[in-house]
Structures are given as structure tokens and as C-alpha cells.
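First up is the structure itself, then whatever we jot down about it.
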Amino acid sequence: MQTVIFAVLAVVIVAAGVYYFMSTQIGAATSTEQANMAIARGMWEAVSRGDISSLPDKVWAPNFKRYLSPTAAPLDVAGQIQRLNGFHAAFSNFNLSVVDLVAHGDRVTGLLMFTGKQTGAFMGIPPTGKTGKIRFIEEVRIVDGKVVEQWGGPDWSDMVQQLGAVISATDANKALAHSMWDAVSAGNLNALDSIYSSDYKRYLSATAAPLTAAQQKTRLTGLRTAFPDLNLKIEDMSAEGDRVSVRMTVTGTHLGAFMGIAPTGKKVTIAAYETVRIANGKVVEHWGGPDTYDLLTQLGAKVSAGP
């Protein structure tokens, strides 16, 4: 009998030891995952209350990438800020609630619920005043306490149906063109990879060969180097068939060399008129541009108007 008792005690002691060992090991892993879940929750809560400006310093890593599709280039910090601010501009009573969180290694998956009243333009849809609600899943990867990658997101087609809107081809073209100029204004030139077609052509004159997509991105990089705070404000937009035309006000501060002119530090404001042609959801041709004569005049350059 004593032998049986000792055997049972031995099993209990061994089991207790194993349980203690496993609990301490699991506790260490769970502690890291709990910290990651707190970071992810804090990010989504900041988005919900519109505190977007705090995310670059407190949550996102400098090399943060936001993936929206398997083919499009990911958004960087500036692009994601612009995207989130756009959502807040489109929806009042913006609320993003965390329904559930699951952590696994350096990743956190969140089941989220978004509700909002559409009081601003959204995906080419004028304000409807309707409230939409969608549930979706997002995942983030966290390294050294910062979010470095993010995937997933809402099914916006469901939201469009709830708003009772049907997006026409013309509205879709306008939305695509708007996103192109928004990306240039925000300096998120990588986003253009998913907007330009593979055979994109940028016409700058009636005689010169058009620029390719890569050449246009190089040109825009140069413009943003010369005018780091370059901003494109869309004043008017119209669409017909496969074409979208826009009138913009372009502003910037001349802090880098431009067309042979050394930095002047001057602030400029000029008008721009551009037209794009869209096919199969991509920008394939692009004409027009800013009033370069006016720009050079504001920079103090001596410009000849010609004979």
C-alpha cells in the first residue's frame, strides 16, 4: 500500500514539476504576445478616434508597409496616413472597434468592426448620409515594439452596397485619377505602380517622345526634390468616356535646384490643367501640366515669351 502511495505521490510531484515548467515557458511567450496585442489594439483604437498623426512615432516602424493587394506596391507611412485621413473625411461617427485579437509569434490578427455615416465623398460616391457597418480581418507583424507590416482590410464593395450606390465606369475613372494626383501630392510615388498601366505614356510636349511610367516617376521625384512641400489641390474634375480632366492649384517652396535655377526659398502658387485616359482600371495616357511660364516668373527667372 505504501508503495502505491509513494508511486502516486511521485507521479503528482513530476506532473506538478512539468506543469510549472510549461506554465513558465508559456507565460514568457504569452507575455510577448500580450505586448504585441496591446500595440495592435492601440493602433486600431488610434485610427478609430482619428489620432492618425500619433502613429508614425508611437506605433509604426520607419519602414512600415501597408499591403492592400497582392499586385499593388505597398503604401508607406505617408501613403497610409493619407488613406486613413481620407476615410475619416468620408465618414462621420467613425468607429473602429476591436472584436477579438489573436497573437501568434510576431503577428497579431484582429477581428474588427467598422461603422460610420457617409457624410463625404467616398470612392466617387457623393455623400449619402447613410450609415454602414462592415466586419473584417487585419493582420500586423510587430518587431521591436513597432508595426512593420500590415495586411487585410474591409470589403468595401459591401459598404458600397449598404450605401445604396452603384459606381459607374465614369465615377470609377474619376476615383482612380483622383488617387493618382493624391499620391503625387502626398509624395507616395510607389502607389503609382498600381495606377499606371504597363504601357503608360506621359506627354509633355507635341514634339518630344512621351515618358514611360518609370521616367515619369523619376520626373516627379525631381519635382518633389525641388519643391519638398509640393501640394496639388484639385479644384475641379470632369469625366467623359475614358477621359478624366482636372483643374488644380499647385503650391510649393523652392528648396532645390529646378530647371537650372538654384534654390530661392520662394513659395509659388500656379495653376495646372491635366487630362488622363483610363483603360481596364489603369491610367494609360496623360497630358497637360502646370503653367511653367508662371512658375519660372515667380521664381524670378528671366523668361522670354518669344516673338
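Below is a table of values for the structure above.
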read-out	value
Which listed pairs, of K174/K282; K174/K267; K174/K233; K58/K146; K217/K266, have C-alpha distances above 19 Å, in listed order	K174/K267; K217/K266
Distance between segment 30-67 and segment 128-193 - C-alpha centres, whole angstrom	18 Å
Whole-number percent relative contact order across segment 169-298, with pairs defined as alpha carbons under 8 Å at least 6 apart	25 percent
Efficiency of FRET from Cβ geometry, K146 and S48, R₀ 22 Å, rounded to 0.05	0.65
Counting all C-alpha pairs of segment 201-254, share separated by more than 17 Å (%)	58 percent
DSSP-defined antiparallel bridges as percent of all bridges, the chain, nearest 5	90 percent
Cα gyration tensor shape of segment 62-216, rounded if a/c is under 1.5, else prolate or oblate by comparing a/b with b/c	oblate
Inter-probe distance in nm under a simple model that places probes 7 Å from Cα toward Cβ, at D100 and A257	6.0 nm
Overall form of segment 131-186 per C-alpha gyration tensor (a/c, 1.5; a/b vs b/c)	oblate
Spin-label pair S157/I234, simplified geometry with 7 Å Cα→Cβ offset, distance in nm	2.3 nm
Separation of the A169 and S69 label points, Cα + 7 Å toward Cβ, nm	1.8 nm
Taking R247, R83 and counting other C-beta atoms within 10 Å, the order from fewest to most	R247, R83
Volume per residue of the C-alpha convex hull in segment 169-298, rounded to whole Å³	101 Å³
Vicinal HN-Hα couplings computed from phi for segment 102-116 (Karplus, 6.51 cos²θ - 1.76 cosθ + 1.60; Hz; Gly/Pro x)	9, 10, 8, x, 8, 10, 10, 9, x, 8, 10, 10, 10, 9, x
Potential lengthening between A214 and R41 on full extension [0.36 nm per residue; Cα-Cα distance subtracted]	58.5 nm
Of the DSSP H helices in the chain, those whose Cα atoms cover at least 18 Å axially and whose Kyte score averages -0.5 or more	2-49, 77-90, 169-186
Amide proton proximity set for V147, modelled H, under 5 Å, gap of 5+	W60, A61
Relative contact order, percent, the chain [alpha-carbon distance under 8 Å, six or more residues apart]	12 percent
Rg over Rh [alpha-carbon atoms, Kirkwood Rh] for the chain	1.16
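Read-outs: derived from the displayed coordinates by stated rules, not from any lab. For clarity, every value in this text was computed on a predicted model and none was experimentally measured. Positions of Cβ are backbone-derived with ideal geometry, glycine not excepted, and every protein chain shown enters the neighbour counts.
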